[in-house]
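Notes follow once the structure below has been shown.
Since every read-out is calculated from the coordinates, none of them should be taken as a lab result. Just so it is clear, the model here is predicted, and its values are computed rather than measured. Backbone-built Cβ (ideal geometry, glycine too); neighbour counts: all protein chains shown.
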């Protein structure tokens, strides 16, 4: 038998305030957390409303923070960021706002540095296989296909 903690409404509010204050959260992450707390539908709605009213939960702020972080830290391209935000059920409006957080010249510079670094790390001697590995790596990270293929051609010619 598992011992699941039963939370009062106030306990749940405080725990979720802390959960949201620690790091930006989206609605789907919060829904998952609420589901784990075994609360009634009315309690869940009241908590979500409370968190929204007190600015603990803000989807636009989450989206912007997510986009900045994944670009700056993980060097993801816009495609991967969009895919991940859609997976988290973020609206198209918030995705558009989030992508505005990425400076275009910084974006292209980062892409260039990432591609060159990866190209030097690939030890494959067959040029076709090396090109494919580089393209696959950059595409997986969400960089646009036109950027990827022009960079692969530039580096391997």
Estimated FRET transfer efficiency (residue 108, residue 129; beta-carbon r; R0 25 Å; 0.05): 0.40
Extension gain from residue 145 to residue 29, taking 0.36 nm per residue of separation minus the Cα-Cα distance: 38.7 nm
Rough spin-label spacing in nm, given labels placed 7 Å along Cα→Cβ, for residue 92 and residue 41: 2.9
C-alpha long axis of helix 104-121 to longest principal axis of the chain, angle in °: 60
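Tell me, what is the FRET efficiency for residue 136 and residue 73 to the nearest 0.05, using R0 = 25 angstrom and their Cβ-Cβ distance as r?
Values: r = 22 Å, r/R0 = 0.86.
Computed FRET efficiency for residue 136 and residue 73 comes out at 0.70.
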The chain: calculated mean residue ellipticity at 222 nm from DSSP helix runs of at least 4, using -39500 (n - 2.57): -22500 deg cm²/dmol
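Cut-off is 10 Å between beta-carbons; in what order do 27, 54 appear when sorted fewest neighbours first? Write down the numbers at each step before the final one.
Working: 27 16, 54 11.
Ordered by Cβ neighbours within 10 Å, fewest first: 54, 27.
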Label-point separation in nm, residue 49 to residue 100, each point 7 Å along Cα→Cβ: 3.0
The chain shape via C-alpha gyration tensor axes, a/c threshold 1.5: prolate
Proxy reagent accessibility, fewest Cβ within 10 Å first, across 85, 39, 49: 49, 39, 85
